[in-house]
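Okay, so here's the structure we're looking at.
The values are calculated or read from the model by the stated rules, or taken from the named source; none is laboratory data. None of these values were measured; they are calculated from a predicted model. So basically every Cβ, Gly included, is an ideal-geometry build from the backbone, and we count neighbours across all protein chains shown. Just the protein is used for accessible areas: all its heavy atoms, side chains included, with ligands, DNA and RNA removed. Shrake-Rupley method; radii C 1.70, N 1.55, O 1.52, S 1.80 Å.
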Amino acid sequence: MNSATRATILLSLAAFAGFGAENYQKPPKAVLDVFNAPVTPTLQLNATHTWAIQAQAVRYPPLSELAQPMLRIAGIRINPKTNGLHNVVFESSYLLRKIPEGTVVKVDLPPGARLSGARWSPDGKQFAFTNTTAAGIELWIGDTTGKTHKVEGVRVNAVMGGGRGGGGGGGRGGFPTGGGGGNVQWMPDGKSLLVYTVKADRGPAPALALVPPGPHVQESLGGGAPAPTLEDMLATPHDEDLFVYYGTSQLASVDLATAKATPIGKPGIIESVHISPNGKDLLVTTIHKPFSYLHS
């Protein structure tokens, strides 16, 4: 090998090493100040119009959020660590404002809060919200004094029931707006909550078989086949297994006085739940096999 060839190789290696060490770059401060300008806070009034929750949303997801694992199945992008949607819109703080004078009450929140789903009780004295952690989605209760507490032993399943938002089924499209009222709802008496919960005994996630049991086959039976209408549709039986695993919820009634969660009905892939005005009946819409691989 001559000296010219060795020099070329060394330069190539140096260039490659320099490329690998590149870090994220930031624009000038003037540009950052524009992009990082505070988002207009939102206000949510209670039923009696005596208090409002002022929430401050996080405009841009941090890299740590984008780097979370993601399953792209059934038109939904799921974070398997939280059993919720990937890249979710969340809020970093709550304040209570007394109406009409506007007196501010600070809300006690957990460190590093990632909040969503604040909902007032029917009597306007309490509110429920969720907090997403690395291990799952917690259920929290607060009152008009600003005091809050976590409901122990309840893990919220936020894959279904809360609307699928934008971004191909991720969570950046907005707050939960599912037709059934979301995955955390107040019962009409204001003494309990109806919650989509993760099954306590569901076991580990289904593993991908190293050797598939057979080929992937689809039939049109000689007729026209619809074109896919969403990204990230089911593609394999393993996708089905994952969808069932993460999408299956156990409805539970959570009593606020005792913090006891009482299962309601059988677990299932629950798309929506409507509570009757007297709180005695539920209209539940579920998804069953066979699942579509082509359209939603």
(request) Considering only residues that are in contact with a Gly (Cβ under 7 Å, 6 or more places away or on another chain) and closer than 21 Å to TYR60 by Cβ, look in segment 105-136 and name the one that is modelled with the lowest pLDDT. (result) GLY117
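Within segment 89-107, which residues are exposed (fewer than 13 other Cβ atoms within 10 Å of the Cβ) and either in contact with a Ser or Thr (Cβ under 8 Å, 6 or more places away or on another chain) or of a type in the set (D, E, K, R) (or both)? I'd like the intermediate steps shown before the answer.
Within segment 89-107, the subset exposed (fewer than 13 other Cβ atoms within 10 Å of the Cβ) is 100-104, 106.
Selection gives GLU101, LYS106.
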(request) Residues being open to solvent by less than 20 Å² (accessible area, probe 1.4 Å), in a loop (DSSP other than H, G, I, E, B) and either farther than 13 Å from ASP239 by Cα or without any contact (Cβ under 8 Å) to a residue 24 or more places away in the chain (or both): count how many of those fall in segment 60-88. (result) 3
(request) State all residues of segment 260-288 that are under 30 Å from VAL217 (Cβ atoms), in a strand (DSSP E or B) and open to solvent by 20 Å² or more (accessible area, probe 1.4 Å); if no residue qualifies, say none. (result) GLU271, THR285, THR286, ILE287
(request) Mind listing whichever residues of segment 132-161 are open to solvent by 30 Å² or more (accessible area, probe 1.4 Å) and on the phi > 0 side of the Ramachandran plot? (result) GLY153
(message) Tell me yes or no: at least one residue of segment 86-107 is within 30 Å of TYR245 (Cβ to Cβ) and of a type in the set (Asp, Glu).
(response) yes
(message) Please determine whether any residue of segment 247-259 is open to solvent by 60 Å² or more (accessible area, probe 1.4 Å), over 15 Å from ASN157 (Cβ atoms) and at pLDDT below 95.
(response) yes
(request) For segment 89-117, name all the residues that are among the hydroxyl-bearing types (Ser, Thr, Tyr) and not in a loop (DSSP other than H, G, I, E, B). (result) SER92, SER93, TYR94, SER116
